[in-house]
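Working notes for the structure below.
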Amino acid sequence: MKILVIGSGGREHALAWKLKDSPQTEKLYAIPGNPGMAAIAECVPHIVPTDNEAVVAFARENGIDLVVVGPEAPLAGGLVDALAAAGIKAFGPAKLAAEIEGSKAFSKDLMKKYGIPTAKYEVFSDAAAARAYVKAGGAPIVIKADGLAAGKGVVVAMTEEEALAAIDEIMEDKAFGKAGSRVVIEEFMAGEEVSILAFTDGRTIRAMVPSQDHKRAYDGDKGPNTGGMGAYAPAPVAPPALVEEVTRTILEPTIRAMEKEGRLYKGCLYAGLMVTEEGAKVVEFNCRFGDPETEVVLPLLKGDLVEIMLACVDGNLADVEIPWSTGAAVTVVLAAGGYPKTYEKGAEITGLADAEAEGCLVFHAGTAERDGKIVTAGGRVLNVVAEAADIKAAVEKAYRGVDRVHFKDAFCRRDIAHSALERMK
């Protein structure tokens, strides 16, 4: 099969790496791809992933059998619909279904209507009304931009001042553009977060290995929120019994609700959850694989990803076995100095082969090739991934790999998987 991956980050590099493993994969393409993906796929940098017409034309001209859409923006923009209209199979939800991430207000209203556990909330399109609500209720409280904000439009405000500043930044200063024309304000949920990704064909849904992301920039979960500074799987906070409960009380009811709403959901459903004293509750849904969760979940998948994805597209996921490793995986993100705010690009990266020699996988997230050298081209630059028998061994292996890679002003968190390691003591 000829397979096209849409996207250019660490998630897409991991997807391409796993798809390459399948005996069904004849040739891989990536739009636009990155230098790491170029080793296993033919990259097409001149096409923009959100240009549906250009992507469909490329898929037709090159006889693509399956398109795998990584980022949320092309999904929310109806790329899967456009490909389906052209008779091309695509893994990912259609535009109407992708609204589960595209609008937090829609997602929260859906959960409320169908009794899916989540935090209490209100939606505001007027900044003054939002400020008045915060002043009346106080903090801690959570402020979310309604639309797509690349995983950054959420502020967990521990003080009233922080909450009011977040409303001003999102609604008045338009820090996230149109995504902030409305805000969802939620009650603060105490607990530990966990990510459960799931494959679904719209009727059957199969949870993947639970993982935990690290959103804050610095050790000790301090500093600003980022797109994710590292992850590990499996997350001990979600043992098999909890995953089964989440499947029964959250995942299955959600895809049934989406079907009832005329939004049949196929692809990967990402459930960001808070494990509270009352049980697991939904923090957010995403309409695609998480990043950096994908980088630790896929190495533990022992099944054929192409077979699984085709089953999701064709509606026969119930017939497919999805085996998982009993080991663990850890990814550490190497970021550019200054991220998630201002950072420089163009610094030469060395030591990639040395990290791989330590037994690590290196997935490119924000890199470019210049004069035959790999250089930095984003805030999150690389994912260094290690698989081992347990979390502790995987952490040690990952950091051995991290220490072999160098570029100007590189930084990373040194406490990835700290929660799991504490539980092991």
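Values for this structure:
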item: Residue under evaluation residue 424, criteria (1) modelled with pLDDT of 95 or more; (2) more than 25 Å from the chain's Cα centre (by Cα); (3) open to solvent by 70 Å² or more (accessible area, probe 1.4 Å), criterion not met; result: (1)
item: Residue count for the range 351-369, restricted to those that are more than 17 Å from residue 17 (Cα to Cα), of a type outside the set (A, V, I, L, M) and in a strand (DSSP E or B); result: 1
item: Subset of the range 38-59 (residues that are in contact (Cβ under 8 Å) with a residue 24 or more places away in the chain and either over 14 Å from residue 13 (Cβ atoms) or surrounded by fewer than 19 Cβ atoms within 10 Å (Cβ to Cβ) (or both)); result: 38, 40, 49, 50, 52, 53, 55, 56, 58, 59
item: Unmet requirement for residue 341, which otherwise passes all of (1) at pLDDT 95 or above; (2) assigned to a loop (DSSP other than H, G, I, E, B); (3) not polar (S, T, N, Q); result: (1)
item: Matching entry among 396, 387 (being open to solvent by 20 Å² or more (accessible area, probe 1.4 Å), modelled with pLDDT of 95 or more, assigned to a helix (DSSP H, G or I) and at negative phi); result: 396
item: Among the candidates 329, 355, 410, 389, residue that is within 22 Å of residue 208 (Cα to Cα) and touching a strand residue (DSSP E or B) at 6+ places or on another chain (Cβ under 6 Å); result: 329
item: Pairs where the first residue, in the range 314-332, is free of Cβ contacts under 8 Å to residues at least 24 places away in the same chain and the second is open to solvent by less than 60 Å² (accessible area, probe 1.4 Å) and part of a loop (DSSP other than H, G, I, E, B), C-beta under 6 Å, 6+ apart; result: 323/303
item: Test result for residue 198, open to solvent by less than 10 Å² (accessible area, probe 1.4 Å) and in contact with a Lys or Arg (Cβ under 9 Å, 6 or more places away or on another chain); result: yes
item: Subset of the range 64-77 (residues that are open to solvent by less than 10 Å² (accessible area, probe 1.4 Å) and either over 18 Å from residue 44 (Cβ atoms) or assigned to a loop (DSSP other than H, G, I, E, B) (or both)); result: 70, 75
item: Any helices (runs of 4 or more DSSP H) falling wholly within the range 235-310 and containing at least 1 residues that are among the polar types (S, T, N, Q) and under 30 Å from residue 362 (Cβ atoms); result: 294-297
item: Boolean, residue 123 is touching an Asp or Glu at 6+ places or on another chain (Cβ under 6 Å), within 25 Å of residue 249 (Cα to Cα) and at pLDDT below 95; result: no
item: Whichever residue in the range 82-102 is open to solvent by 60 Å² or more (accessible area, probe 1.4 Å) and either out of contact with any strand residue (DSSP E or B) (no Cβ under 9 Å at 6 or more places or on another chain) or at pLDDT below 95 (or both) and, among such residues, is farthest from residue 52 (Cα to Cα); result: 99
item: Residue 264 vs. criteria farther than 30 Å from residue 389 by Cβ, at pLDDT 95 or above and not basic (Lys, Arg); result: yes
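The values are calculated or read from the model by the stated rules, or taken from the named source; none is laboratory data. Keep in mind the model is a prediction, meaning the values are calculated, not measured. Ideal geometry is used to build each Cβ from the backbone, glycine not excepted, and the neighbour counts take in all protein chains shown. For the accessible areas, the whole protein counts, side chains as well, though only heavy atoms, and no ligand, DNA or RNA atoms are used. Shrake-Rupley method; radii C 1.70, N 1.55, O 1.52, S 1.80 Å.
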